[in-house]
Amino acid sequence: MSRRPIIAGNWKMHNNKAQAKELIEGILAGIKDLDADKMPEVVVAPTYTALWQVHDLIKNEPKIALSAQNVSQFAKGAYTGEISIDMLADFGVKFVIIGHSERRQMFNETDEAINEKAKAILDAGLIPIICCGETLEQREAGVTDSHIEGQITKALANLTADEVIKSVIAYEPIWAIGTGKSCDAVEANRTIGEIRKVVAKLYSQDVADKIRILYGGSVKPSTIVEQMAQPEIDGGLIGGASLEAESFVALVKGAM
Ligand code: PGA
């Protein structure tokens, strides 16, 4: 089963206009000569305020696609401070990250809201990158797999098989995010295999074989080759190491 890998950079709340421009220009220069047929799908997720500028800078470069870091589950209306999927589609956005642990933990994003967001994204023809992952306490208590099964089951509720095939899941153990301590590649592979079993149980083996599942959590140029060598891992969702063009391009090359 061949699934095209994804290397996605989540810029989080970094980069003003000038910094976003410098970073994207560095990435574009770094991937310019890479063989498009061998490249992973390269995705960058700037802040909302940098989306238009980054869109403008990459619009003639098919090697790179745009993601948002969040979206409202509501179509329009009196939702101060929110951004709708229609607005993101206008900006040439292809992917939307939802359910990131930072949003779940700090901004009270619920499983129900994540499911509604997934539906809104898919209805608009865009692709959700649905994040899941356990805390250190959950891992130590041995409830990692059941916790993730709950998150995935709720996130995918009422989605069709075709919608799930189009979607992307990112397994991001919370204790590995921004800590420099990446999850052991073999263990990340095992957990992602468990996520595939959940998808197979909810849908079918065919759907489980087709959905792309990424690993995220302190992915670095020094870890990517081993991570990509794992059969279940289809790429990376990268925070810190996506903020420098040199390391992000090294991650892209590491996935080729
Ligand atoms: P990190 O972040 O690469 O800085 O650990 C990953 C993420 O939160 O997606």
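The values are calculated or read from the model by the stated rules, or taken from the named source; none is laboratory data. Here the structure is a predicted model, which is why all the values come from computation and not from measurement. Here the Cβ is made from the backbone with ideal geometry for all residues, glycine too, and neighbour counts use every protein chain on show.
Computed values, structure above
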| item | result |
| --- | --- |
| Hey, Val96 of a type in the set (A, V, I, L, M), in a loop (DSSP other than H, G, I, E, B) and either closer than 23 Å to Ala161 by Cα or touching a residue at least 60 places away in the same chain (Cβ under 8 Å) (or both) or not | no |
| Residue tally, condition free of Cβ contacts under 8 Å to residues at least 40 places away in the same chain, more than 17 Å from Ile98 (Cβ to Cβ) and either of a type in the set (Gly, Ala, Ser) or in contact with a Pro (Cβ under 8 Å, 6 or more places away or on another chain) (or both), over region 141-169 | 3 |
| Hits in region 17-49 - residues which are touching a residue at least 40 places away in the same chain (Cβ under 8 Å), crowded, with 17+ Cβ neighbours inside 10 Å and part of a loop (DSSP other than H, G, I, E, B) | Met39, Pro40 |
| Cβ pairs under 7 Å, 6+ apart, first in region 228-241 and closer than 22 Å to Glu102 by Cα and within 15 Å of the ligand (Cβ to nearest atom), second among the β-branched types (Val, Ile, Thr) and part of a loop (DSSP other than H, G, I, E, B) | Gly236/Val219; Ile238/Val219; Gly239/Ile177; Ala241/Val219 |
| Within region 156-192, tally of residues that are more than 16 Å from the ligand (Cβ to nearest atom) and in contact with a helix residue (DSSP H, G or I) (Cβ under 8 Å, 6 or more places away or on another chain) | 10 |
| Criterion (away from the ligand (no atom under 15 Å from the Cβ), farther than 29 Å from Gln19 by Cβ, in contact with a Phe, Trp or Tyr (Cβ under 9 Å, 6 or more places away or on another chain) and at pLDDT 95 or above) met by exactly one of Ile213, Ile195 | Ile195 |
